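Participant: Sharing a structure, written as structure tokens. Questions coming.
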Amino acid sequence: HVGSLYARTDGEPGTVREVMQTRAPVVRKADYVLAARAVSRPILDAIRDAGVDSYAVVPLFAGTAVRGTIHLLMESDRRSFTPADAAFLQEFARRLAPAIANAELHERDRRIARSFQNAALPSSLPNVPNFSFSAIYEAGKTEALVGGDWYDAFVLADGRIVVSIGDVAGSGLLAAVTMSSVRQAIRGAAHVHADSGVMLTAANRALDDPEGRFVTAFVGVIDPGASSIAYQSAGHPPPMLRLPGGTVVEFERGGVPLGVNVEGVCRTNTARLPAGSLLVLYTDGLVESTHDMLEGEQRMRTALAGDAVIDAANPAQMLHDLVLTDGSRDDVAILTIVAE
């Protein structure tokens, strides 16, 4: 019991208050009449239905301060808690306290990283003729901390559209900070010289991670007039392009992740984006949920070959749902571009 989950604070006597004040464990036989004065009725009924015969309340310390209590219930009338159990229970609480404190610290870091990451992701996607954009970011359900995945898309003054997606190795607040730094470097370079190689080089030079993280990234520049994209990859999973009719092709693989060497870029490639096609940029969380990338990529191709994704109001969300039927262990970012 941390805080006031179910113990009342209306001045009635209670075991929790006694333990908090005396800083010592209490072991007693169950007294439902007395308990009714300090415990809410639904919880009291549940305890009674379980046949609880005795209970122990043990202080939980954070350093020298009492931060809460632990409640233990004995559901048998053949064995009751006795004062002799107090020393063991207090040692149990002493060993448990650091684990609880670490879990709370971990969760605090996760909330900070999540807030930072949400602030760094684009608040809107381009609204331009002949192209429609959709995106989704989802934190991994089993990862302890938020990762460094991102997606981005914005329109330049000359009408071209810059798209990027990437993944910072590791997780937590530092990964989120690194992600923001790399993404902003790409944005800044795009407004000076919108060349995918120049943008990745700028991001590579801006990468200053004290833990030596590397970053995979993909950057492309869409020319709406030519219905084409010029792109480079820094070790990132290659985008997939669904052509009209359902054929799925994969962009060329290549490149070295940012942070691995001084100028980790490769040659610029160009691809056509014909009307009716769907381009998908994604991070590896989309295809590695089963720890089998080949299986994940095949799931993705199967989903794209049908009409459900391209016909959906939010193709990124639909692709996510079709591929990650069991959810994702890692962060996932998806950016889709439909040529209309």
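Participant: For segment 223-255, which positions are among the hydrophobic types (A, V, I, L, M, F, W, C), over 28 Å from the mean Cα position of the chain (by Cα) and closer than 16 Å to residue 336 by Cβ? Please lay out each step first, then the result.
Facilitator: Step one: of segment 223-255, the residues among the hydrophobic types (A, V, I, L, M, F, W, C) are 226, 229-230, 234, 240-241, 243, 248-249, 251.
With over 28 Å from the mean Cα position of the chain (by Cα) added as a condition, the list becomes 226, 229-230, 243, 248-249.
The answer is 229, 243, 248, 249.
Participant: Here's a follow-up. On the phi < 0 side of the Ramachandran plot, open to solvent by less than 60 Å² (accessible area, probe 1.4 Å), in contact with a Phe, Trp or Tyr (Cβ under 6 Å, 6 or more places away or on another chain) and at pLDDT below 85: is that true of residue 97 in this structure?
Facilitator: Values: on the phi < 0 side of the Ramachandran plot: yes; open to solvent by less than 60 Å² (accessible area, probe 1.4 Å): yes; in contact with a Phe, Trp or Tyr (Cβ under 6 Å, 6 or more places away or on another chain): yes; at pLDDT below 85: yes.
Answer is yes for this residue.
One line per residue, one yes/no per condition, for (1) touching a residue at least 24 places away in the same chain (Cβ under 8 Å); (2) within 20 Å of residue 136 (Cβ to Cβ):
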| position | (1), (2) |
| --- | --- |
| 214 | yes, no |
| 220 | yes, yes |
| 230 | yes, no |
| 248 | yes, yes |
| 256 | no, no |
| 277 | yes, yes |
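Participant: If the requirement is being open to solvent by less than 10 Å² (accessible area, probe 1.4 Å) and small (Gly, Ala, Ser), which of these qualifies: 227, 196? I'd like the intermediate steps shown before the answer.
Facilitator: Values: 227 fails: open to solvent by less than 10 Å² (accessible area, probe 1.4 Å).
Exactly one of 227, 196 is open to solvent by less than 10 Å² (accessible area, probe 1.4 Å) and small (Gly, Ala, Ser), namely 196.
Participant: Separate question: Taking only segment 310-338 into account, find how many residues are in a helix (DSSP H, G or I), of a type in the set (Asp, Glu) and either closer than 11 Å to residue 286 by Cβ or open to solvent by less than 10 Å² (accessible area, probe 1.4 Å) (or both). Before you say what the answer is, go through the steps one by one.
Facilitator: Within segment 310-338, the subset in a helix (DSSP H, G or I) is 310-311, 315-323.
Then drop every residue that is not of a type in the set (Asp, Glu), which leaves 311, 321.
Narrowing the set further to residues that are either closer than 11 Å to residue 286 by Cβ or open to solvent by less than 10 Å² (accessible area, probe 1.4 Å) (or both) leaves none.
Of the residues in that region, 0 qualify.
Participant: Next up: So which residues in segment 46-87 are more than 15 Å from residue 29 (Cα to Cα) and open to solvent by 40 Å² or more (accessible area, probe 1.4 Å), if there are any at all?
Facilitator: 46, 49, 61, 62, 63, 64, 65, 67, 87, listed by residue number.
Participant: Please pick out the residue among 255, 285, 246, 276 that is in contact with a Ser or Thr (Cβ under 8 Å, 6 or more places away or on another chain) and on the phi > 0 side of the Ramachandran plot. Quick ask: steps written out before the conclusion?
Facilitator: Numbers: 285 fails: on the phi > 0 side of the Ramachandran plot; 246 fails: in contact with a Ser or Thr (Cβ under 8 Å, 6 or more places away or on another chain); 276 fails: in contact with a Ser or Thr (Cβ under 8 Å, 6 or more places away or on another chain).
Exactly one of 255, 285, 246, 276 is in contact with a Ser or Thr (Cβ under 8 Å, 6 or more places away or on another chain) and on the phi > 0 side of the Ramachandran plot, namely 255.
Participant: Okay, next question. Name every residue in segment 281-298 that is under 29 Å from residue 230 (Cβ atoms), open to solvent by 50 Å² or more (accessible area, probe 1.4 Å) and in a helix (DSSP H, G or I), in order of residue number. I'd like the intermediate steps shown before the answer.
Facilitator: Within segment 281-298, the first condition is being under 29 Å from residue 230 (Cβ atoms), and the residues that meet it are 281-288, 293-294, 296-298.
This time we only want the ones that are open to solvent by 50 Å² or more (accessible area, probe 1.4 Å), so: 288, 293-294, 298.
Within segment 281-298, 293, 294, 298 qualify.
Participant: Hey, can you tell me all the residues within segment 185-211 that are free of Cβ contacts under 8 Å to residues at least 24 places away in the same chain and within 16 Å of residue 221 (Cα to Cα)? Write out each step before concluding.
Facilitator: So in segment 185-211, the residues free of Cβ contacts under 8 Å to residues at least 24 places away in the same chain come out as 185, 188-189, 192-193, 198, 202, 205.
Correct list: 185, 188, 189, 192, 193, 198, 202.
Participant: I've got another one for you. Restricting attention to segment 162-193, and to residues there that are assigned to a strand (DSSP E or B) and touching a Phe, Trp or Tyr at 6+ places or on another chain (Cβ under 9 Å), which single residue is surrounded by the most Cβ atoms within 10 Å (Cβ to Cβ)?
Facilitator: The first filter runs over segment 162-193 and keeps only residues assigned to a strand (DSSP E or B), leaving 162-171.
Keeping just the survivors that are touching a Phe, Trp or Tyr at 6+ places or on another chain (Cβ under 9 Å) gives 162-169.
Details: 162: 22, 163: 26, 164: 27, 165: 27, 166: 29, 167: 28, 168: 31, 169: 17.
Of everything passing the filter in segment 162-193, 168 is surrounded by the most Cβ atoms within 10 Å (Cβ to Cβ).
A quick yes/no check of all residues on (1) under 21 Å from residue 240 (Cα atoms); (2) modelled with pLDDT under 90:
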position: 124; (1), (2): no, no
position: 156; (1), (2): no, no
position: 166; (1), (2): yes, no
position: 170; (1), (2): no, yes
position: 182; (1), (2): no, no
position: 185; (1), (2): no, no
position: 197; (1), (2): yes, no
position: 202; (1), (2): no, no
position: 207; (1), (2): no, yes
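Participant: Among the residues that make up segment 203-213, is at least one of them under 25 Å from residue 128 (Cβ atoms) and either open to solvent by 30 Å² or more (accessible area, probe 1.4 Å) or not small (Gly, Ala, Ser) (or both)?
Facilitator: Within segment 203-213, the subset under 25 Å from residue 128 (Cβ atoms) is 203.
When the remaining residues are screened for being either open to solvent by 30 Å² or more (accessible area, probe 1.4 Å) or not small (Gly, Ala, Ser) (or both), the result is none.
Within segment 203-213 (the criterion being under 25 Å from residue 128 (Cβ atoms) and either open to solvent by 30 Å² or more (accessible area, probe 1.4 Å) or not small (Gly, Ala, Ser) (or both)), the answer is no, since none of the residues qualifies.
Participant: Restricting to segment 36-45, name every residue that is free of Cβ contacts under 8 Å to residues at least 24 places away in the same chain and open to solvent by 40 Å² or more (accessible area, probe 1.4 Å). Please lay out each step first, then the result.
Facilitator: At the first step, the residues of segment 36-45 found to be free of Cβ contacts under 8 Å to residues at least 24 places away in the same chain are 36, 41-42, 44-45.
Within segment 36-45, 36, 41, 42, 45 meet the criteria.
The values are calculated or read from the model by the stated rules, or taken from the named source; none is laboratory data. As the structure is a prediction and not an experimental result, all values here were calculated from the model. FYI the Cβ positions are ideal-geometry reconstructions off the backbone, even for glycines, and counts take in every protein chain you see. Just the protein is used for accessible areas: all its heavy atoms, side chains included, with ligands, DNA and RNA removed. Shrake-Rupley method; radii C 1.70, N 1.55, O 1.52, S 1.80 Å.
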